[in-house]
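Below is one structure, written out as structure tokens; comments come after it.
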Amino acid sequence: MTDTIIAVIGGSGIYDIDGLDGAEWVSVETPWGAPSDQILTGRLDGVKMAFLPRHGRGHVHTPSSVPYRANIDALKRLGVTDVISVSACGSFREEMAPGDFVVVDQFIDRTFAREKSFFGPGLVAHVSVAHPTCPRLSAACLDAGRAAGITMHEGGTYLAMEGPQFSTLAESKMYRENWGANVIGMTNMPEAKLAREAELCYASIAMVTDYDSWHPEHGEVDVTEIIATLMGNADKGRAMVRGLPARLGAERHPCPHGCDRALEYAILTAPDARDPAMIEKLDAVAGRVLS
């Protein structure tokens, strides 16, 4: 049994967490470069917490330039066990209205300009992302959000686009009508895949800001309206986070869904053929199975 350490990766509009005891911004070095920013650490209701602003304070990273590998590696180095991604998204469903939150359980990855794995030549691994989010962690977020009075939708498919531009009308209609996506965003991939490779439980909370461009009564995405909704969603997101320590507890038991054992049989490269430099880079992410 280990300590629970909850990490929140905050998307657009969420750049800190309120009420942390012993709050301190710490720098973490990784073999994959610097993370998006320093990481805010502390305790909330006795449970260890970490907060990382995905775009950096001041919003300096585009969705494509976010250092996803460094971010996940840095959290792993801090001993994080559970990662909650909170991000702004557009909605493809009338019932998933601006201001609502969607607890994502599936992804369609349409990104193309990002490194998507910690592994590579010299150390090959294949993890399953058939179920890319942790049901236990997602359920805790769902319960905490509803207790905070937030309209929460259980389950949904997140279409991850490259960006930074928003969708064309044709794309929006295709994702909605032909592909069955529920929300669209630019940042949860490859983040979710990397979290699985790092054996971290991962939950994705999509904070709906708009209806993308498919909705006949709402037209194209209006950035000024998005920003206004973001501010309200940020307060809701913080309220949800405040309810997580009580639901997850200070003591961490093994994940019943195996997220923390995702690498158990994933590495294919024979021990005597593994690249020593890759082994060194993966000391935090895969040290459990490589040592």
- Query: Using modelled backbone amide H atoms (1.01 Å from N, in-plane), which distant-in-sequence or interchain residues come within less than 5 Å of residue 100's amide H?
  - Reply: 208
- Query: Anyone know which of 170, 148, 139 comes out most mobile in the 10 Å Cα GNM of the chain?
  - Reply: 170
- Query: Scanning the chain for helices, which whole DSSP H stretches are 27 Å or more long along the axis (Cα) and average 0.0 or more by Kyte-Doolittle?
  - Reply: 223-242
- If amide H atoms are modeled at 1.01 Å from N in the peptide plane, then the residues at a separation of 5 or more from residue 202, or on another chain, having amide H under 5 Å from its own are 83, 134
- Relative contact order, percent, the range 19-126 [alpha-carbon distance under 8 Å, six or more residues apart]: 20
- Message: So if I restrict to the alpha-carbon atoms in the range 87-290, what is the Rg, and what is Dmax, the biggest pairwise distance, in Å?
- Response: 18.7, 61
- What residues qualify as long-range amide H neighbours of residue 167, i.e. H under 5 Å apart, gap of 5 or more or another chain, H built at 1.01 Å from N? none
- Note on the structure: Candidates 234, 88, 273; GNM for the chain (alpha-carbon contacts under 10 Å) flags as most fluctuating 273
- How many angstrom separate the Cα center of the range 243-291 from the Cα center of the range 146-176? 30
- Of the cross-linked pairs 76/236; 193/236; 48/76; 116/173, which ones have a Cα-Cα span greater than 23 Å in the structure shown? 76/236; 193/236; 116/173
- Item | Partner aspartates and glutamates for residue 281 [C-alpha distance under 13 Å; skip if fewer than 8 residues away on the same chain] | 29, 73
- Query: With Cβ to Cβ distances under 14 Å as the rule, what net charge do the other residues near residue 27 carry (K, R +1; D, E -1)?
  - Reply: -2
- Query: What number, rounded to the nearest 500 deg cm²/dmol, is the helix-based mean residue ellipticity at 222 nm of the chain, given -39500 (n - 2.57) per DSSP H run of at least four residues and division by all its residues?
  - Reply: -6500 deg cm²/dmol
- Query: What residue among 33, 90, 120 shows peak mean-square fluctuation when the chain is described by a Gaussian network model with Cα springs under 10 Å?
  - Reply: 120
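Values quoted throughout were computed directly from the atomic coordinates according to the rules given, and no laboratory measurement underlies them. Source: prediction; values computed, not measured. We place every Cβ from the backbone using ideal geometry, glycine too, and count neighbours over all the protein chains shown.
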